[in-house]
Amino acid sequence: MNFSWIATLALIGTAMAAGNNLPAGAPCTKDGKMGTCQSGLCIQDVHASQGTCK
C-alpha cells in the first residue's frame, strides 16, 4: 500500500514538471527543478545556482 502512494506521488510530480517549459532567456537549472528549456539547452556555470535557457 505504501508503494502505491509513493508511485502515485512520483507520477504526479513528473506530470507537473513535464508541463513547465521555459522560453529562451529564462533562468533555469541543469537538473530541471525550475522547469525545462523549450530548446532543451540550459547553460549554467559550475558554481552558479542557476543558468539561462538558450
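Only the coordinates and a few stated rules stand behind these numbers; no lab work does. This one's a predicted model, so the numbers in the text were calculated from it and none came from an experiment. Using ideal geometry, Cβ is built from the backbone for each residue, glycine included, and neighbour counts are taken over all protein chains shown.
At a glance:
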read-out	value
Gained length - THR8 relative to SER39, 0.36 nm times residue gap less alpha-carbon distance	8.3 nm
LEU22 long-range amide H proximity, modeled H, under 5 Å	THR36, CYS37, GLN38
Cα→Cβ-extended label distance, 7 Å offset, between ALA24 and THR52, nm	1.2
³J(HN,Hα), Karplus 6.51/-1.76/1.60, whole Hz, each residue of region 34-41, x for Gly, Pro	8, x, 10, 5, 4, 7, x, 10
Whole-Hz couplings from phi, Karplus 6.51/-1.76/1.60, listed for region 20-27; x for Gly and Pro	9, 8, 9, x, 4, x, 7, x
